[in-house]
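A.B. asks: Mind having a look at this structure? Questions to follow.
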Amino acid sequence: MQKLILSEAIQYQEDRFTKRILFQEGESVLFVLNFLPGQQLPTHTHPGTDVYILVLDGNGTVTVDGVDNEIIKGEVIHICGEEAFAFHNSGEIPASLHVVLCKIPDAAYTCNL
């Protein structure tokens, strides 16, 4: 068994969003993305992968295939890997997202940023 303290992965930087890997096993990875107000994750896809996102703190706008959706703390979303998506912290407080990729498409997705 492995056990971590989630709050240790909630770290913000002024110049860009952060990504903190919690676990990586086989083709799956679990991490936290952290955004200060105004920061964003650019539009991208994860072909062949299911993406699950839980909003831990804050709120923002997730854009999936060009459609904007507001998400708030406590909400969970599922995005198919072929769907193009982005996130923007459009709120006034920091936002943190708990993300699970069920099949890692490429080793680049397993690195901290």
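A.B. asks: Determine which residues of the stretch 72-95 fall in the zone a paramagnetic label at Gln40 would reach in this model, i.e. backbone nitrogen under 13 Å from the point 7 Å along Cα→Cβ.
C.D. replies: 85-91
A.B. asks: For the stretch 27-93, what is the charge dipole size about the Cα centre, in debye to the nearest 20, if Lys and Arg each add +1 at the Cβ and Asp and Glu each add -1 at the Cβ?
C.D. replies: On the way: 1 positive and 10 negative charges, 39 e Å.
Taking the Cα centre of the stretch 27-93 as origin, the dipole is about 180 debye.
A.B. asks: Using a probe radius of 1.4 Å on heavy atoms only, what accessible surface per residue do you get for the chain? Whole Å² is fine.
C.D. replies: In whole numbers, the chain has 56 Å² accessible per residue.
A.B. asks: Can you divide the C-alpha Rg of the stretch 56-113 by 2.2 N^0.38 Å and report the result to two decimal places?
C.D. replies: Compared with the compact-globule rule of thumb, the stretch 56-113 sits at 1.19.
A.B. asks: I've got another one for you. In the Gaussian network model of the chain, springs joining C-alpha atoms below 10 Å, which of Glu82, Glu25, Glu70 carries the largest mean-square fluctuation?
C.D. replies: Glu25
A.B. asks: With +1 on each Lys and Arg Cβ and -1 on each Asp and Glu Cβ, how big is the dipole of the chain about its Cα centre, in debye rounded to the nearest 20?
C.D. replies: The calculated dipole for the chain is roughly 340 debye.
A.B. asks: Now, a different point. So I have [x] 28, 18, 14; [y] 20, 18, 12; [z] 31, 14, 10, and one of them is semi-axes √(5λ) of the Cα gyration tensor in Å calculated from this model. Which one is it?
C.D. replies: [y]
A.B. asks: Express the carbon and sulfur contribution to the solvent-accessible surface of the stretch 1-81 as a percent, rounded to the nearest whole number, probe 1.4 angstrom.
C.D. replies: Result for the stretch 1-81: 53 percent of the exposed heavy-atom area is carbon or sulfur.
A.B. asks: In percent, how large is the relative contact order of the stretch 53-110, given Cα pairs closer than 8 Å and 6 or more residues apart?
C.D. replies: Relative contact order here is 43 percent.
A.B. asks: Follow-up. Is the C-alpha gyration tensor of the stretch 27-73 telling us rounded, prolate or oblate? Criteria: a/c under 1.5 is rounded; beyond that, a/b larger than b/c is prolate, otherwise oblate.
C.D. replies: Numbers: a/c = 1.79, a/b = 1.25, b/c = 1.43.
Verdict is oblate for the stretch 27-73.
A.B. asks: With point charges of +1 on the Cβ of Lys and Arg and -1 on the Cβ of Asp and Glu, referenced to the Cα centre of the stretch 32-113, which listed residue (Gly91, Thr43, Tyr109) lies farthest in the positive direction of the dipole?
C.D. replies: With unit charges placed on the Cβ atoms, the residue in question is Tyr109.
A.B. asks: Could you grab the relative contact order for the chain? Cα pairs under 8 Å, six or more apart, rounded to a whole percent.
C.D. replies: Answer for the chain is 33 percent.
The values are calculated or read from the model by the stated rules, or taken from the named source; none is laboratory data. On a predicted model such as this, the values are computed, not experimentally measured, just so you know. Because the Cβ atoms are built from the backbone with ideal geometry, glycine has one as well, and the counts that use them run over all protein chains shown. The area values use the complete protein model at the heavy-atom level, side chains included, leaving out ligands, DNA and RNA. Shrake-Rupley method; radii C 1.70, N 1.55, O 1.52, S 1.80 Å.
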